[in-house]
1. Find out how many positive minus negative residues lie around Tyr343, taking Lys and Arg as positive, Asp and Glu as negative, among other residues whose Cβ is under 15 Å from that of Tyr343.
2. On a straight-distance basis, which aspartates and glutamates could pair with Lys188 in a cross-link, Cα separation under 17 angstrom, same-chain partners fewer than 8 positions away excluded?
3. Taking the stretch 177-219, which chymotrypsin sites (Phe, Trp or Tyr not before Pro) meet the DSSP loop condition and have no more than 14 other C-beta atoms within 10 Å?
4. Would you please give the FRET efficiency between Glu184 and Leu214, computed as 1/(1 + (r/R0)^6) with r the Cβ-Cβ distance and R0 = 25 Å, to the nearest 0.05?
5. Once phi is turned into ³J(HN,Hα) by the Karplus curve 6.51 cos²θ - 1.76 cosθ + 1.60 with θ = phi - 60°, what whole-Hz value does each residue of the stretch 111-117 show in order, with x for glycine and proline?
6. Please compute the contact order of the stretch 107-281 in relative form: average sequence separation of alpha-carbon pairs under 8 Å and at least six residues apart, divided by the residue count, as a percent.
7. About the Cα centre, and with charges only on the beta carbon of Lys, Arg (+1) and Asp, Glu (-1), how big is the dipole of the stretch 336-395? Nearest 20 debye, please.
8. With respect to the cross-link table entries Lys149/Lys400; Lys56/Lys211; Lys211/Lys400, which display a Cα-Cα separation exceeding 18 Å?
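Please treat every number below as a calculation from the coordinates, not as lab data. Small disclaimer: the values here were computed from a predicted structure and weren't measured. Counting neighbours? That spans all protein chains shown, and the Cβs are built from the backbone with ideal geometry, glycine included.
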Amino acid sequence: MSKNQGKHILTYGILIIVGLALVSAILYQIPAVNTRINWRVDLAMTYLRGVIFPVKPFPTPAESIVLPSQAATNTPTSLPTIVPDQPTATIAPTATPQPSPTPIPAAVQLPAPLWELQGPNDCGPATLALYLRYYGWDGNQDNITQVVKPIPEDRNVNPEELVYFVRTHAGWLNAEFRVGGDLELLKKLVAAGFPVMIEESFFFDQPYWPKDDLWAAHYLLVTGYDDSTQSFTGQDSFHGPNQVISYSTMDDYWQIFNRVYLLTYLPTQEEALKAVLGDNWNPDLNRQHALEVSQAETQSEPANAYAWFNLGSNLVYFERYSEATSAYDTARTLGLYQRMLRYQFGPFFAYFHAAMTTELLTVTEYALQRTPNSEEALLWHGWALYRMGKKNEAVSDWRKALEYHPGYQDAQYAIDFAAANP
């Protein structure tokens, strides 16, 4: 082969490589292609991070506590002592005569909205899209993600963010969320014509890092129930439409999230919804009810970490932070799922307000090992650093939180606070 032929082949090879690079760049601009590539890169980086920083058990408190056991159910004195911050008035519903409840049907199936498969990390927006579609909305999950999670790698959407979307972008509807629900309330709501969106447990088919416990959060739209089969019907953005879930599995999976439930409804339905919810329509009375439920479950199931976690979260609502830290300490000692702090942030509030900076640093660092782009963990990790006098590092955390969640008001407030307090 002559030199000229060699040069031609080299030139053609370079042109082919440049052409392929240009085609790849063009294809990468197509949203669907971009999402798939980014998702696979993110998966690879997540696994690699798990190799470099091996997963560890959920960190226990610095001060050891005596673990409750099932045998201690009838001996409350053996449980960890929870000392109130200060005398706190207990909110209790006023006892008033109630009419005999009207029995609900043994089975109800509401019309299932047109189903769509969720994108990566999109169970919240996708499930909300199904919910809104029940009322005639003609959008899809992309319309919601652009508002509540513009960064595709954002792995969590809170109920508050979903409520915000409904109120600001589907203003002809309204939305509320409450906690401390139960199976009977789910059935009553469905029987009254209200689908119910809940947050529950989900288990992956394959690990995202070595020794992954496979647990994560997931949203589900409940549209039916049947007492004869002891099961609910749910619209699942991952598994498919009209999934059948047993009553017992539903409660087990739901408890971990304080049995939170989200309701979207027409303004003309508000009085009917209030009638079903009763005292739970009032947020404070609802949370008091949830507090009582979680307290009772820590007694009946003292070795259930999530009963203790729920107790801590309900105490945080009432700003009873020292009591909340004791409940969270017990939950941590009993053991929690690896991704728990990706979705629930009550411990951050409790340890911060109880001035337990070391514990706040411990739990936020664990959360960031599993989810480095968690804006909530970055926010509270920053506050822990700030309290330790590491202002520059704290501001760096808050800027990252804004990068991962543009418009995150809590991070912007923290940055402004630091600037105003040099």
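1. Numbers: positive: Lys149, Arg155, Arg259, Arg339, Arg342, Arg370; negative: Asp122, Asp154, Glu160, Glu161, Glu199, Glu200, Asp213, Glu375, Glu376.
Net local charge, Tyr343 excluded: -3.
2. Filter leaves Glu176, Asp226, Asp227, Asp251, Glu270, Glu271, Asp279.
3. Phe204
4. Details: r = 30 Å, r/R0 = 1.22.
With a Förster radius of 25 Å, E is 0.25.
5. For the stretch 111-117, the Karplus-derived couplings read x, 7, x, 4, 7, 9, 6 Hz, x marking Gly and Pro.
6. Numbers: 307 pairs, mean separation 48.9, N = 175.
The value is 28 percent.
7. Values: 6 positive and 5 negative charges, 8 e Å.
Around 40 debye, computed over the stretch 336-395.
8. On the way: Lys149/Lys400 15 Å; Lys56/Lys211 9 Å; Lys211/Lys400 28 Å.
Distance filter (> 18 Å) returns Lys211/Lys400.
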